[in-house]
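Q: Quick one: this structure, given as C-alpha coordinates, is what I'll be asking you about.
The values are calculated or read from the model by the stated rules, or taken from the named source; none is laboratory data. What you see is a predicted model; the values in this text were computed from it and never measured. Cβ placement follows ideal geometry from the backbone for every residue including glycine, while neighbour counts extend to all protein chains displayed. Surface areas here come from the heavy atoms of the whole protein model, side chains and all, with no ligands, DNA or RNA. Shrake-Rupley method; radii C 1.70, N 1.55, O 1.52, S 1.80 Å.
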Amino acid sequence: MFKPFRNATLQVEVTTACNLNCTICLRRGLERPNRFLSLGDFKRILDPDIFRYVGLHGWGEPLLHQQLFEMVEYAESKGIFTNLTTNGTLVEKRLDEIFRSGLREIAFGIYDKELLSEVSPQVEGLVAQREKGRFKRPKVYFDITIYQDNRDQIPEMMRLASEMKIDAIILHRLFNVYGVDSDAKCLSEEEEKELFKEVKGIARALKIELYLPERHSYPCRILRRSIFVTVDGKVTPCTYLLEDHLGDAFEEGVERVLRSEVYGSFVKEMEQHPICSRCRW
(Lines give C-alpha, C1' and ligand atoms only; values in the text may rest on other atoms or scores of the structure.)
Protein backbone atom coordinates (compact mmCIF):
# COMPACT_ATOMS: atom_id res chain seq x y z
CA MET A 1 0.00 0.00 0.00
CA PHE A 2 1.38 3.41 -0.96
CA LYS A 3 2.03 5.84 1.87
CA PRO A 4 0.56 9.25 0.96
CA PHE A 5 2.52 12.44 1.26
CA ARG A 6 1.71 14.25 4.49
CA ASN A 7 0.98 17.94 5.08
CA ALA A 8 0.15 18.34 1.42
CA THR A 9 -2.01 20.84 -0.41
CA LEU A 10 -5.55 19.95 -1.36
CA GLN A 11 -6.42 21.71 -4.61
CA VAL A 12 -10.18 22.04 -5.00
CA GLU A 13 -12.06 23.07 -8.11
CA VAL A 14 -14.93 25.11 -6.69
CA THR A 15 -16.49 25.88 -10.08
CA THR A 16 -16.16 25.17 -13.79
CA ALA A 17 -17.77 28.51 -14.69
CA CYS A 18 -15.61 31.39 -15.88
CA ASN A 19 -16.19 34.91 -17.14
CA LEU A 20 -13.15 34.94 -19.44
CA ASN A 21 -11.91 32.82 -22.32
CA CYS A 22 -8.13 33.10 -22.07
CA THR A 23 -6.25 31.84 -25.11
CA ILE A 24 -3.76 29.72 -23.16
CA CYS A 25 -6.29 28.17 -20.77
CA LEU A 26 -7.01 24.45 -20.92
CA ARG A 27 -10.67 25.25 -20.24
CA ARG A 28 -11.05 26.26 -23.91
CA GLY A 29 -10.69 22.61 -24.90
CA LEU A 30 -13.00 21.18 -22.26
CA GLU A 31 -16.64 20.37 -22.79
CA ARG A 32 -17.88 20.63 -19.23
CA PRO A 33 -21.10 22.24 -17.99
CA ASN A 34 -20.93 25.09 -15.51
CA ARG A 35 -21.05 23.55 -12.05
CA PHE A 36 -20.44 24.77 -8.51
CA LEU A 37 -19.11 22.70 -5.61
CA SER A 38 -21.51 22.82 -2.67
CA LEU A 39 -20.32 24.02 0.72
CA GLY A 40 -21.38 20.70 2.19
CA ASP A 41 -19.28 18.71 -0.29
CA PHE A 42 -16.33 21.01 0.33
CA LYS A 43 -16.52 20.25 4.05
CA ARG A 44 -16.73 16.52 3.34
CA ILE A 45 -13.46 16.40 1.41
CA LEU A 46 -11.41 18.77 3.56
CA ASP A 47 -9.51 16.65 6.08
CA PRO A 48 -7.39 18.67 8.55
CA ASP A 49 -5.48 15.54 9.56
CA ILE A 50 -3.98 15.28 6.07
CA PHE A 51 -3.90 18.75 4.61
CA ARG A 52 -2.31 21.92 5.91
CA TYR A 53 -3.16 23.95 2.81
CA VAL A 54 -6.15 24.24 0.51
CA GLY A 55 -5.97 25.97 -2.86
CA LEU A 56 -9.30 27.11 -4.26
CA HIS A 57 -9.00 27.11 -8.02
CA GLY A 58 -9.33 24.88 -11.07
CA TRP A 59 -10.79 25.39 -14.54
CA GLY A 60 -13.15 28.17 -13.54
CA GLU A 61 -13.14 31.54 -11.79
CA PRO A 62 -13.49 30.99 -8.00
CA LEU A 63 -14.94 34.44 -7.33
CA LEU A 64 -18.07 33.43 -9.27
CA HIS A 65 -18.90 31.05 -6.40
CA GLN A 66 -21.25 32.74 -3.94
CA GLN A 67 -20.15 30.53 -1.01
CA LEU A 68 -16.45 30.77 -1.74
CA PHE A 69 -15.61 32.72 1.39
CA GLU A 70 -17.70 30.47 3.58
CA MET A 71 -15.34 27.75 2.36
CA VAL A 72 -12.37 29.91 3.28
CA GLU A 73 -13.76 30.61 6.75
CA TYR A 74 -14.46 26.93 7.33
CA ALA A 75 -10.95 25.87 6.28
CA GLU A 76 -9.32 28.54 8.42
CA SER A 77 -11.45 27.45 11.42
CA LYS A 78 -9.88 24.00 11.02
CA GLY A 79 -6.37 25.43 10.99
CA ILE A 80 -5.93 24.94 7.24
CA PHE A 81 -4.05 27.61 5.32
CA THR A 82 -6.11 29.02 2.43
CA ASN A 83 -5.21 30.50 -0.93
CA LEU A 84 -6.98 31.12 -4.19
CA THR A 85 -6.06 31.98 -7.74
CA THR A 86 -8.24 34.43 -9.66
CA ASN A 87 -8.24 36.32 -12.94
CA GLY A 88 -8.88 39.46 -10.86
CA THR A 89 -11.91 40.76 -12.72
CA LEU A 90 -14.36 40.32 -9.82
CA VAL A 91 -12.20 41.31 -6.85
CA GLU A 92 -13.85 44.67 -6.30
CA LYS A 93 -17.26 43.02 -5.84
CA ARG A 94 -15.94 40.63 -3.17
CA LEU A 95 -13.45 42.92 -1.45
CA ASP A 96 -15.07 42.99 2.00
CA GLU A 97 -15.50 39.21 1.99
CA ILE A 98 -11.85 38.71 1.15
CA PHE A 99 -10.78 40.49 4.32
CA ARG A 100 -13.53 39.14 6.60
CA SER A 101 -12.85 35.54 5.61
CA GLY A 102 -9.25 35.41 6.79
CA LEU A 103 -7.95 34.34 3.36
CA ARG A 104 -4.17 33.92 3.62
CA GLU A 105 -3.09 34.33 0.00
CA ILE A 106 -4.55 35.52 -3.27
CA ALA A 107 -2.76 35.03 -6.58
CA PHE A 108 -3.67 36.92 -9.73
CA GLY A 109 -3.22 34.79 -12.82
CA ILE A 110 -1.56 37.04 -15.38
CA TYR A 111 -0.23 36.14 -18.81
CA ASP A 112 0.03 39.43 -20.69
CA LYS A 113 0.10 43.19 -20.19
CA GLU A 114 -3.38 43.64 -21.64
CA LEU A 115 -5.01 41.50 -18.96
CA LEU A 116 -2.84 43.14 -16.32
CA SER A 117 -4.01 46.56 -17.47
CA GLU A 118 -7.64 45.46 -17.15
CA VAL A 119 -7.36 44.16 -13.61
CA SER A 120 -4.78 46.62 -12.23
CA PRO A 121 -7.37 48.97 -10.66
CA GLN A 122 -8.92 46.10 -8.73
CA VAL A 123 -5.56 44.77 -7.60
CA GLU A 124 -4.53 48.24 -6.45
CA GLY A 125 -7.85 48.58 -4.65
CA LEU A 126 -7.23 45.36 -2.77
CA VAL A 127 -3.73 46.39 -1.70
CA ALA A 128 -4.94 49.88 -0.71
CA GLN A 129 -7.73 48.39 1.41
CA ARG A 130 -5.26 46.07 3.12
CA GLU A 131 -2.97 48.97 3.96
CA LYS A 132 -5.82 51.19 5.10
CA GLY A 133 -7.16 48.53 7.44
CA ARG A 134 -3.65 47.47 8.47
CA PHE A 135 -4.54 43.88 7.64
CA LYS A 136 -1.81 41.27 7.52
CA ARG A 137 -3.83 39.11 5.13
CA PRO A 138 -4.03 38.21 2.34
CA LYS A 139 -0.58 38.06 0.89
CA VAL A 140 -0.85 39.15 -2.76
CA TYR A 141 0.93 37.43 -5.65
CA PHE A 142 1.22 37.81 -9.38
CA ASP A 143 1.17 34.32 -10.90
CA ILE A 144 2.63 34.78 -14.38
CA THR A 145 2.62 32.10 -17.08
CA ILE A 146 5.80 32.31 -19.15
CA TYR A 147 5.95 31.48 -22.85
CA GLN A 148 7.42 32.82 -26.09
CA ASP A 149 4.89 35.60 -26.73
CA ASN A 150 5.16 37.26 -23.33
CA ARG A 151 8.82 36.66 -22.54
CA ASP A 152 9.78 40.29 -23.20
CA GLN A 153 6.80 41.60 -21.21
CA ILE A 154 7.78 39.89 -17.97
CA PRO A 155 10.38 42.43 -16.76
CA GLU A 156 7.84 45.24 -17.20
CA MET A 157 5.13 43.24 -15.45
CA MET A 158 7.51 42.71 -12.54
CA ARG A 159 8.16 46.44 -12.28
CA LEU A 160 4.44 47.15 -12.38
CA ALA A 161 3.94 44.59 -9.63
CA SER A 162 6.47 46.41 -7.48
CA GLU A 163 4.78 49.75 -8.11
CA MET A 164 1.45 48.19 -7.10
CA LYS A 165 3.06 46.86 -3.88
CA ILE A 166 2.52 43.23 -4.77
CA ASP A 167 4.19 40.97 -2.20
CA ALA A 168 5.62 38.33 -4.51
CA ILE A 169 5.80 37.08 -8.08
CA ILE A 170 5.44 33.49 -9.20
CA LEU A 171 6.58 32.42 -12.64
CA HIS A 172 5.39 29.12 -14.02
CA ARG A 173 5.84 27.41 -17.34
CA LEU A 174 3.17 27.21 -19.99
CA PHE A 175 1.39 23.85 -20.05
CA ASN A 176 0.40 23.27 -23.65
CA VAL A 177 0.75 19.52 -24.03
CA TYR A 178 -2.87 19.35 -25.19
CA GLY A 179 -2.30 22.06 -27.81
CA VAL A 180 -5.09 24.36 -26.61
CA ASP A 181 -3.35 27.36 -28.17
CA SER A 182 -1.41 26.23 -31.24
CA ASP A 183 0.48 29.54 -31.34
CA ALA A 184 1.67 29.44 -27.72
CA LYS A 185 5.17 28.03 -27.45
CA CYS A 186 7.21 27.20 -24.37
CA LEU A 187 10.62 28.71 -23.86
CA SER A 188 13.58 26.51 -24.64
CA GLU A 189 15.83 25.52 -21.75
CA GLU A 190 18.41 28.09 -22.86
CA GLU A 191 15.80 30.85 -23.21
CA GLU A 192 14.40 29.96 -19.82
CA LYS A 193 17.87 30.06 -18.27
CA GLU A 194 18.47 33.54 -19.68
CA LEU A 195 15.08 34.78 -18.49
CA PHE A 196 15.56 33.43 -14.98
CA LYS A 197 18.94 35.14 -14.71
CA GLU A 198 17.37 38.43 -15.82
CA VAL A 199 14.35 38.27 -13.51
CA LYS A 200 16.46 37.33 -10.50
CA GLY A 201 18.40 40.55 -11.00
CA ILE A 202 15.21 42.57 -11.38
CA ALA A 203 13.72 41.00 -8.24
CA ARG A 204 16.83 41.86 -6.23
CA ALA A 205 16.75 45.45 -7.47
CA LEU A 206 13.02 45.78 -6.72
CA LYS A 207 13.32 43.89 -3.41
CA ILE A 208 10.37 41.70 -4.30
CA GLU A 209 9.98 37.97 -3.62
CA LEU A 210 10.32 35.77 -6.67
CA TYR A 211 9.41 32.10 -7.08
CA LEU A 212 10.70 30.27 -10.15
CA PRO A 213 9.65 26.84 -11.47
CA GLU A 214 11.86 24.00 -10.43
CA ARG A 215 13.58 21.44 -12.61
CA HIS A 216 11.11 18.77 -13.64
CA SER A 217 11.54 15.33 -12.04
CA TYR A 218 9.61 12.12 -11.37
CA PRO A 219 7.47 11.84 -9.41
CA CYS A 220 6.91 15.51 -10.16
CA ARG A 221 6.80 18.19 -7.48
CA ILE A 222 3.08 18.77 -8.07
CA LEU A 223 2.26 15.18 -7.24
CA ARG A 224 4.62 15.16 -4.27
CA ARG A 225 2.99 18.23 -2.77
CA SER A 226 -0.67 18.17 -3.74
CA ILE A 227 -3.75 16.37 -4.99
CA PHE A 228 -6.57 17.80 -7.09
CA VAL A 229 -10.30 17.25 -6.63
CA THR A 230 -12.64 18.30 -9.43
CA VAL A 231 -15.96 20.03 -8.90
CA ASP A 232 -17.73 16.65 -9.18
CA GLY A 233 -15.47 14.96 -6.63
CA LYS A 234 -13.07 13.12 -8.91
CA VAL A 235 -9.60 12.80 -7.39
CA THR A 236 -6.90 13.39 -10.01
CA PRO A 237 -3.10 13.71 -9.77
CA CYS A 238 -3.08 17.33 -10.89
CA THR A 239 -5.22 20.00 -12.52
CA TYR A 240 -4.02 18.99 -15.99
CA LEU A 241 -5.08 15.33 -15.74
CA LEU A 242 -8.85 15.62 -15.48
CA GLU A 243 -9.47 12.20 -17.03
CA ASP A 244 -7.10 10.30 -14.72
CA HIS A 245 -9.59 9.49 -11.99
CA LEU A 246 -7.85 7.86 -9.04
CA GLY A 247 -11.01 7.70 -6.95
CA ASP A 248 -14.06 9.57 -5.71
CA ALA A 249 -13.62 12.10 -2.90
CA PHE A 250 -17.31 12.06 -2.01
CA GLU A 251 -17.71 8.30 -1.80
CA GLU A 252 -14.27 7.19 -0.58
CA GLY A 253 -12.68 10.25 0.96
CA VAL A 254 -9.40 11.69 -0.22
CA GLU A 255 -7.25 9.88 2.34
CA ARG A 256 -8.48 6.45 1.20
CA VAL A 257 -7.72 7.39 -2.40
CA LEU A 258 -4.21 8.52 -1.42
CA ARG A 259 -3.62 5.15 0.25
CA SER A 260 -4.98 3.12 -2.65
CA GLU A 261 -3.07 0.87 -5.01
CA VAL A 262 -4.42 2.91 -7.91
CA TYR A 263 -2.73 6.06 -6.59
CA GLY A 264 0.47 4.21 -5.74
CA SER A 265 0.68 2.69 -9.20
CA PHE A 266 0.18 6.07 -10.83
CA VAL A 267 3.05 7.56 -8.81
CA LYS A 268 5.40 4.71 -9.72
CA GLU A 269 4.52 4.71 -13.40
CA MET A 270 4.01 8.41 -14.13
CA GLU A 271 7.28 8.67 -16.06
CA GLN A 272 5.66 6.47 -18.72
CA HIS A 273 2.33 8.33 -18.65
CA PRO A 274 1.42 9.78 -22.09
CA ILE A 275 0.94 13.30 -20.67
CA CYS A 276 3.32 13.32 -17.69
CA SER A 277 6.17 12.01 -19.84
CA ARG A 278 5.91 15.14 -22.03
CA CYS A 279 5.29 17.64 -19.23
CA ARG A 280 7.86 20.21 -18.12
CA TRP A 281 5.50 22.22 -15.91
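Q: Based on the Cβ-Cβ distance of Arg225 and Glu118, what FRET efficiency does E = 1/(1 + (r/R0)^6) give at R0 = 35 Å, to the nearest 0.05?
A: Here the calculated transfer efficiency is 0.65.
Q: Which shape class applies to segment 9-99: rounded if a/c is under 1.5, otherwise prolate when a/b exceeds b/c and oblate if not, where a ≥ b ≥ c are the square roots of the Cα gyration tensor eigenvalues?
A: Prolate.
Q: Let me ask you something else. By how many nm would the segment from Leu30 to Asp232 lengthen if fully extended, with 0.36 nm per residue of separation less the alpha-carbon distance? Walk me through the intermediate numbers first.
A: On the way: separation 202, 0.36 × 202 = 72.72 nm, distance 1.46 nm.
Length difference between fully extended and current span is 71.3 nm.
Q: Also, I was wondering about something else. Counting only heavy atoms of the protein chains, get the accessible area per residue of the chain (1.4 Å probe) and round it to a whole Å² value.
A: Result: 49 Å² of accessible area for each residue.
Q: Hey, another quick one. Count neighbours as other Cβ atoms within 10 Å of each site's Cβ, and list the GluC sites (Glu not before Pro) in segment 12-74 that are DSSP loop with at most 13 such neighbours.
A: Those that pass, being in a loop and sparsely packed, are Glu31.
Q: Go ahead and estimate [θ] at 222 nm for the chain from helices alone: -39,500 (n - 2.57) per DSSP H run with n ≥ 4, summed, over the residue count, rounded to 500.
A: -9500 deg cm²/dmol
Q: Among the DSSP beta bridges whose two residues both lie in segment 1-95, what percent are antiparallel, rounded to the nearest 5?
A: 10
Q: Here is a follow-up. Where both residues lie in the chain, what percent of DSSP beta bridges are antiparallel, nearest 5? Intermediate values should be presented prior to the final figure.
A: Details: 5 of 37 bridges.
Beta bridges within the chain, antiparallel portion: roughly 15 percent.
Q: For the chain, restrict the atom set to alpha-carbon positions and state the Rg and Dmax in Å.
A: 18.5, 52
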